Amino acid sequence: MKKFLAAAAAVVIALGATACSGSSTQSAAESRTESGSVVSSCGISVPFGGDWTVYTGDSVYEQLLGEDDESGSADDLRKSYEDNGTACLLYAVNSDKSAVMSLTTVTITTDETTGERLTAEDYARSNHDTAIFTYQASGFTTRNSSFGEETIGGKPGYLSHYELCTDEEASELLLGQSEFIYELDGKFCSLQAYYHTEEAAQQTGDILAAVTAK
């Protein structure tokens, strides 16, 4: 299930990477607290309990790549993201590997032909709709789908949520996803949470609710 969650955590990154270009140089800093740690980046601080393992910097790409992936190195993966203006700054996993959280940035440039620039709302809506369509086309049932404006950590943006089930009655949870997208300094920032148990859903929900402004 860890590999499934890791793959799911890369879905939104991959969807957005084709729409951008340029470079992304934002970084993330982790500091220890009495109860765990806090990661600060992109104008927000995300708290994690002591049962979470948090990765920043190059170690993020090692986790996304996977231990048994022979398609290339973590450096190759990082470069492929950065060449498309995308950077994954944070990757965190809880103790039983039932939940993953990540923070990414995407640089969106102005279309040279039309002079138009994708808005954060359109980008977030596209990620939401495309992910659901892709999963449904693969035979999954979706439930609890929602999309709308939200403010998290003092940042106004757009929150997408859905859950995937393996049965048509939508009673057996396979994967839940929440993604909050906001714009900062010309980049779209995406805070993502993935889980595959009801307990992990509560855990990631509590973390999202506790995000503060940096």
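The values are calculated or read from the model by the stated rules, or taken from the named source; none is laboratory data. Keep in mind it's a predicted model, so treat the numbers as computed, not measured. Cβ: placed from backbone, ideal geometry, glycine included. Neighbour counts: every protein chain shown. With ligands, DNA and RNA removed, areas are computed over all heavy atoms of the protein, side chains included. Shrake-Rupley method; radii C 1.70, N 1.55, O 1.52, S 1.80 Å.
Condition check for Glu82 on (1) over 18 Å from the mean Cα position of the chain (by Cα); (2) open to solvent by 10 Å² or more (accessible area, probe 1.4 Å): one failure, at (1). The strands (runs of 3 or more DSSP E) found entirely in segment 32-120 that carry 2 or more residues being of a type in the set (A, V, I, L, M) are 36-41, 44-49, 86-94, 99-107. Screening Asp111 against (1) closer than 20 Å to Ala29 by Cβ; (2) out of contact with any Asp or Glu (no Cβ under 9 Å at 6 or more places or on another chain) leaves a single unmet condition, (1). Among the criteria (1) in a strand (DSSP E or B); (2) under 25 Å from Leu64 (Cβ atoms), the one Ile132 does not fulfil is (1).
A residue that is over 12 Å from the mean Cα position of the chain (by Cα), of a type in the set (D, E, K, R) and outside any helix (DSSP H, G or I) occurs somewhere in segment 201-214.
Here's the yes/no breakdown for (1) open to solvent by less than 20 Å² (accessible area, probe 1.4 Å); (2) not β-branched (Val, Ile, Thr):
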residue: Ser59; (1), (2): no, yes
residue: Leu77; (1), (2): no, yes
residue: Met101; (1), (2): yes, yes
residue: Thr105; (1), (2): yes, no
residue: Thr113; (1), (2): no, no
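Out of all the residues in segment 135-152, which are under 23 Å from Leu173 (Cα atoms), within 17 Å of the chain's Cα centre (by Cα) and not small (Gly, Ala, Ser)? Selection gives Tyr135, Phe147. For segment 107-148, taking the residues that are among the polar types (S, T, N, Q) and in contact with a Cys (Cβ under 9 Å, 6 or more places away or on another chain), the one that is farthest from Gln192 (Cα to Cα) is identified as Thr109. Listed here are the strands (runs of 3 or more DSSP E) enclosed by segment 140-194 that have at least 2 residues being among the β-branched types (Val, Ile, Thr), touching a strand residue (DSSP E or B) at 6+ places or on another chain (Cβ under 8 Å) and modelled with pLDDT of 95 or more: 141-152. May I ask you to verify whether Thr119 is of a type outside the set (Asp, Glu), open to solvent by 30 Å² or more (accessible area, probe 1.4 Å), farther than 30 Å from Gly50 by Cα and in contact with a Gly (Cβ under 9 Å, 6 or more places away or on another chain)? Here the answer is no, as Thr119 does not meet what is asked. Is it true that Lys155 is of a type in the set (D, E, K, R), under 18 Å from the mean Cα position of the chain (by Cα), closer than 24 Å to Ser80 by Cβ and open to solvent by 10 Å² or more (accessible area, probe 1.4 Å)? So Lys155 does not fit the description; no. Of all residue pairs spaced 6 or more apart or on separate chains, those with beta-carbon atoms under 8 Å, a first member in segment 184-197 that is touching a residue at least 40 places away in the same chain (Cβ under 8 Å) and open to solvent by less than 10 Å² (accessible area, probe 1.4 Å) and a second member that is among the aromatic types (Phe, Trp, Tyr) and not in a strand (DSSP E or B) are Phe188/Tyr123.
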